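Peer 1: First the structure, then my questions, so here it is.
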Amino acid sequence: MSALNGRNGYDSETEASGTMATEAPDTIVFSNVSKFYGEILGVNRVNLVIRPGITSLVGPNGSGKTTLMNLVSGLLRPSRGTITVLGVPVDDAEGLGRRVGYCTQVDSFPPGMTGYDFVYGFLRVGGCPAAEAATRAWAAIERVDLVDAAKRKVAGYSKGMRQRIKLALAISHGPRILVLDEPMNGLDPMARAEMAALFQALAAEGHFVIISSHILHEVDTLSDAVVVINHGYVLAEGGISNVRDAMDAEHPLGILIRCDKPGQLARHVFGHEHVIEARVHDDGLGLLVRTRDSDGFFRALGEIALTTDLVIDSVTPADDDVEAVYRYLIGGSGETT
Amino acid sequence: MNGAAIATGADTAAGDGRAAGGIGPDGFASTGGAALWGRQVGGIVRLELGKVLFSRRALIGWGLAAAPVLLLGTRMLAILLFGGLDEAGRLPTIIEEEQVYAQVYQTLIMRLCLYFGCAAIFLGLIRGEVNDRALHYYLLAPLKREVLIAGKFVGGLVGAFTLFSLSTLLTRLLMLAFAPADAARAMFSAPWLTHTLMYLGITFLACLGYGAVFLAVGVARVNPIIPTLILFGLESVNIFLPAVLKQLSVVYYLTSLCPVPLDLGPIAIVATPVAAPVAILGLIALAGALLAWSMRRSRRLEVDYGEE
Ligand SMILES: Nc1ncnc2c1ncn2[C@@H]1O[C@H](COP(=O)(O)OP(=O)(O)OP(=O)(O)O)[C@@H](O)[C@H]1O
Ligand SMILES: [Mg+2]
């Protein structure tokens, strides 16, 4: 997928954006934005400034990531507050459409179209003349490495191919801002790496790349900034390097072990010296362990599983848990409350 | 504000020309105004025609357009096969056929086929996209919502008129089958030709009027079944409606334009037609008002495919 990293339509935009910086603010600004679906809270009182580079929205299912992205791209209107995108208010559908390319989480397409028809057709909807739309469509399809499949019906595409043809449409008109809702979903590790490389290339050229994920470590190495969101509230935002430093230096690894008798497991676990904390999870169905030596701990855990009758359902890093991330971000003590 | 925004948009995308094979600056912004809107409407019509004419959903439209052709075709065959209208084998004259056609047109084509055909086509413009979960592709395209709605409407109109002008034309041609010897003469002499053109005009106005109604219902994002049936009921009893409501009924204008009035018998007194120019202008005004409302309303259009 080398075409993805190659020179492309975004290249010289950086120069252009350099000259326009004085005219329009080079940021996406949320001020006091709330979105309600009837009675249901989407996001609440969001204040955010997003700058060029890769920004990751991280939060569990239903936390409001898609809502935020739909708001930035004008698919939803805020119930309260204002959003401006490079100085453009979000009710200017035309101005917003030029600046934003959005690859949504929705995995559906107009029926009966080939990949090429899809990209070409919507470029034409935007008013691109026929010849230019054709050139742009092919350029975008090449960039996502889908040339061979371009003349086949989208209905026959794999999940990863559908993801990529959506991405091709999102970048086809050369927007400054790229919004991608869970772009890594359905991609194999190779494709993920290529996708990540593309994001980094775009960011290096001065683009805004906004991606979402419910797994922090899927995006942490990639991101210039992370926005942690939960239950519709932005819990924290900041540069990922600070966050990561804090996590590495001050905080031992947190692990959540789901098992039937967490109390019993805790007694076994405490026998190992590298464990500095082990407490039963609030729901009584798991054990939260903090350890300075994760490799050692996992070996020990294997032994425990073998030598006792404990049923261990799952072992997950507790730092996937947004609460844990939040504590790291705000520099808390790491205590579970 | 807007002007500045567009200008920076052009700047922002100015570099794309190179990737796009050196085709100059951003194709979206280089020519603003009417030319751009024209291309955008054209782009939407392109996609829309595919759906209205050549998709699975198009079968409803084709079926409704074919129904009157099949009905009149069957009748014609029956009369020819069973040897005419009476024992003497008399075939209907073209004047008699005009009366039969008026019946078929006003009751079947105008009130049923066009009504439900336009309902299917124009409700599909927004609602169909929601069902396909594809509306967001349109909402994300760099164009004004007003232009989007206009493009969708034009697309529906071209599609619906293609289907139903074909239907009107074919049913009109079937009339001539009874007068094979005279067909050529009848065809180019009044009233057949003028009536045919008038019916085509009415078909167009029907697509325009009903189309605007159903586009508005679609944009309002309400469940369309109830409004569709209520409107159908109102249009059906249209001649009994009070004068004010009549003016808001599409059928009222269309009936007034029909070249051959139906023999309504005793209820004919309540059916007061309006003059043709009034009818045409009334219909255009009605459609224009609904279209304007749809455009305004579309600014608030949000994606909502239900909870994911
Ligand atoms: N159309 C809708 N109608 C009602 N509630 C909605 C709608 N869309 C989202 N919600 C609610 O808003 C909240 C935020 O949803 P959102 O889709 O933004 O979350 P998310 O972080 O993208 O989740 P996921 O990881 O599952 O994609 C959830 O509680 C959800 O149930
Ligand atoms: Mg989501």
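Peer 1: Could we say that B:Tyr137 is buried (at least 23 other Cβ atoms within 10 Å of the Cβ), aromatic (Phe, Trp, Tyr) and free of Cβ contacts under 8 Å to residues at least 40 places away in the same chain here?
Peer 2: Considered against the rule, which asks whether it is buried (at least 23 other Cβ atoms within 10 Å of the Cβ), aromatic (Phe, Trp, Tyr) and free of Cβ contacts under 8 Å to residues at least 40 places away in the same chain, B:Tyr137 comes out as yes.
Peer 1: Take A:Lys153 and tell me if it is within 16 Å of ligand 1 (Cβ to nearest atom), of a type in the set (Lys, Arg) and within 14 Å of another protein chain (Cβ to nearest Cβ).
Peer 2: no
Peer 1: Within segment A:203-211, identify whether any single residue is in contact (Cβ under 8 Å) with a residue 12 or more places away in the chain, within 16 Å of ligand 1 (Cβ to nearest atom) and in a strand (DSSP E or B), and answer yes or no.
Peer 2: yes
Peer 1: Could you grab me the full set of residues in segment B:109-123 that are at pLDDT 90 or above and open to solvent by 10 Å² or more (accessible area, probe 1.4 Å)?
Peer 2: Correct list: B:Leu112, B:Phe116, B:Ala120, B:Ile121, B:Leu123.
Peer 1: If you don't mind, there's one more thing I want to ask. Which pairs do you get when a residue that is of a type in the set (A, V, I, L, M), found in segment B:151-180, comes within reach of a residue that is assigned to a helix (DSSP H, G or I) and open to solvent by 40 Å² or more (accessible area, probe 1.4 Å), reach meaning Cβ atoms under 7 angstrom, with the pair 6+ apart or on two chains?
Peer 2: B:Val158/B:Leu49; B:Leu163/B:Trp62; B:Met175/B:Ile94; B:Leu176/B:Met187; B:Ala179/B:Ile94
Peer 1: Within segment B:84-162, considering only helices (runs of 4 or more DSSP H) that don't extend past its boundaries, which have at least 1 residues that are among the acidic types (Asp, Glu)?
Peer 2: B:94-103
Peer 1: Being at the interface with chain B (Cβ under 10 Å from one of its Cβ atoms), away from ligand 1 (no atom under 13 Å from the Cβ) and at positive phi is the filter here; which residues of segment A:62-108 pass it?
Peer 2: A:Gly74, A:Leu86, A:Gly87
Peer 1: In segment A:172-225, which residues are within 14 Å of chain B (Cβ to nearest Cβ) and of a type in the set (Gly, Ala, Ser)?
Peer 2: Correct list: A:Ser172, A:Gly174, A:Ala201, A:Gly206, A:Ser212.
Peer 1: A further question follows. Taking segment A:212-227 only, how many residues are within 15 Å of ligand 2 (Cβ to nearest atom) and either assigned to a strand (DSSP E or B) or more than 9 Å from the chain's Cα centre (by Cα) (or both)?
Peer 2: Final tally of qualifying residues: 3.
Peer 1: What's the total number of residues in segment A:165-185 that are away from ligand 2 (no atom under 16 Å from the Cβ) and polar (S, T, N, Q)?
Peer 2: Final tally of qualifying residues: 1.
Peer 1: Right, something else. Do we find a residue being assigned to a loop (DSSP other than H, G, I, E, B), surrounded by fewer than 19 Cβ atoms within 10 Å (Cβ to Cβ), within 14 Å of chain A (Cβ to nearest Cβ) and at pLDDT 80 or above anywhere in segment B:274-289?
Peer 2: No, segment B:274-289 contains no residue that is assigned to a loop (DSSP other than H, G, I, E, B), surrounded by fewer than 19 Cβ atoms within 10 Å (Cβ to Cβ), within 14 Å of chain A (Cβ to nearest Cβ) and at pLDDT 80 or above.
Peer 1: Let me ask something additional. For A:Gly53, are the conditions met, namely being more than 15 Å from ligand 1 (Cβ to nearest atom), in the same structural domain as A:Gly160 (by TED's automatic domain parsing) and under 25 Å from B:Gly128 (Cα atoms)?
Peer 2: Criteria not met by A:Gly53.
The values are calculated or read from the model by the stated rules, or taken from the named source; none is laboratory data. Computed from a predicted structure; not experimentally measured. Please note: Cβ atoms are built from the backbone with ideal geometry, for glycine as well, and neighbour counts cover all protein chains shown. Quick note on the areas: whole protein, heavy atoms, side chains included, nothing else; ligands and nucleic acids left out. Shrake-Rupley method; radii C 1.70, N 1.55, O 1.52, S 1.80 Å.
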